[in-house]
1. How far is it, in nm, from the label point at Q161 to the one at E40 when both lie 7 Å from their Cα along the line to the Cβ?
2. Using only alpha carbons, build the gyration tensor for segment 269-382 and give me the equivalent ellipsoid semi-axes, biggest first, whole Å.
3. At 7 Å along Cα-to-Cβ for each site, give me the label-to-label distance between L296 and A72 in nm.
4. Please give the peptides 282-292, 303-313, 60-70 ranked by average Cβ packing (other Cβ atoms within 10 Å per residue), highest first, as a rough proxy for protection.
5. So which aspartates and glutamates pass the test for K380, namely a Cα distance under 14 Å, with those fewer than 8 places away in the same chain ruled out?
6. What list of ³J(HN,Hα) couplings, whole Hz, do you get for segment 137-148 from phi and the Karplus terms 6.51, -1.76, 1.60, once you set θ to phi - 60° and write x for glycine and proline?
7. Can you tell me the order of 295-301, 185-191 when each peptide is scored by its average per-residue count of other Cβ atoms within 10 angstrom, highest first?
8. Past the 21 angstrom mark, what percentage of all C-alpha to C-alpha distances in segment 150-214 do you count?
Amino acid sequence: MEKKVVVTVVCVAAVAGAVAAGVVLRKKMKKDGKWGRAMEIVKELEEKCGTPTAKLKQVADAMVVEMHAGLASQGGSKLKMLISYVDNLPTGHESGLYYALDLGGTNFRVLRVHLGGLNGGIVNQEFAEVPIPPELMTGAADALFDYIAAELAKFVAQEGQEHELPPGRKRELGFTFSFPVNQTSIASGTLVRWTKGFSIDELVGQDVVTELSRAMKRQNLEMHVSALVNDTVGTLAGGRYTNKDVAAAVILGTGTNAAYVERAQAIPKWHGALPKSGEMVINMEWGNFKSSHLPLTEFDNSLDGDSLNPGEQIFEKLISGMYLGEIVRRALLKMAEEASFFGETVPSKLKVPFILRTPDMSAMHHDTSSDLKVVASKLKDILEITSTSLKTRKVIVEVCNIIATRGSRLAAAGVVAILRKMGKDVAKEGEVQQKTVIAMDGGLYEHYNEYSKCLENTLTELLGEEVSKTVEVIHANDGSGIGAALLAASHSQYL
Ligand code: ADP
Ligand code: MG
């Protein structure tokens, strides 16, 4: 009897031990299984985001085809290939005091530029930067333009006597407006549609210079808009002012776009008189490029579906600053939901759209500390995730790397398309080839080093060593504002 009891107890103990061991084992298996599932998601993401050389060449080819179609006819392509009315890029002779207003993303900038004329360069430039209140991006047209005009008036009111213009002469402004605009002259154009989180329906189809001029009048600000330019066109103009080999400009900021110098004869839809120079700057609006060759994932599709402009700006949604962090967030959310990547509960902050911004993503990506403390602090501050293993943080950096690499490599493919369109992507035998310089600007390009480094390496990979020697990428810092002021100068009403 006693024996039996003992046996039973032993058995019970053994069973209990076995049960306990089983629980631990199952927990471990579950944990490993979850980790395995998380790794599966990352691996799948990496595969879907793959951009091997051959694929990038297909992307570039497809973009060249669309460039031709967009130049041939209005509405002929997803690429609008807008005529900028800029047929004379700055020569260096521009002189005088001009203003610029740069609107088109997170902030807007007001600039005053003193141009010194031939060999004088830029004598002086001052600027003010103001964030755009998010509610104005989707509010009333007047509210947005009144806000801008008021800031401009403030900027002018604060200037000293030395900036006074000769009597009877109005201040002149170059307006950089970085949304798709159907230009009707150098200083007028109607808004085609909004991008980058802006949505003010009543402005679509309206002349944006008229709207700005009205708002300036409401602010009692005497100023004349002498040029309306896209930021890519401004950057091209600003770049050309300092480097005569600049032939294209690319913006990588909140959004993305590019402009380049086209032969006027190559623009069948151009109905104006052939420009004197035989050249015309084309604003590609490349953010709206789309192709079956683009490596899209479920995260891109859901981001697009939830956006203010579904189906539009697909290229932009893969490569620009407004979206990269959000793609990473969506991937991490899936890992949290399907693989308990951050523990049993899904961090609630991780469910908030756009909470993980691209600057935070790049800070994590650039974290060189051995214990990835920047990643840990970003997770804590932004997502309220307090404890993660080093292994987990490494995976997060990898996710950032996958998304940034895809974006920058696709941007490089776009640059190759422009070079090909200009006939500058092949080495011409026996010829000393002129340098082709691409002016780049935008917060993403400027601050996300892993991104810009990858873009430049990819360009070399796609062009080959020989051609790469003839292509140079330069950072045209704040070129779009200066470029707009230069174009206001060369299109001054007093000339
Ligand atoms: P915009 O495009 O709004 O005219 P910018 O050219 O200054 O203005 O670009 C701002 C954008 O650049 C931000 O929205 C952000 O996406 C990106 N950006 C800014 N700083 C960083 C950073 N440190 N790392 C990565 N991206 C950045
Ligand atoms: Mg900008």
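Every number here is computed from the coordinates shown, using simple stated rules; none is lab data. Predicted, not measured: the structure shown is a model, and the values here were computed from it. Quick reminder, even Gly has a Cβ in these numbers, built from the backbone with ideal geometry, and neighbours come from all protein chains shown.
1. Going from the Q161 label point to the E40 one covers 7.8 nm.
2. 38, 18, 11
3. It is 2.4 nm.
4. Order by mean packing, descending: 282-292, 60-70, 303-313.
5. The qualifying aspartates and glutamates are D360.
6. 6, 10, x, 8, 4, 4, 4, 5, 5, 5, 4, 5
7. For the peptides 295-301, 185-191, the packing ranking is 185-191, 295-301.
8. 40
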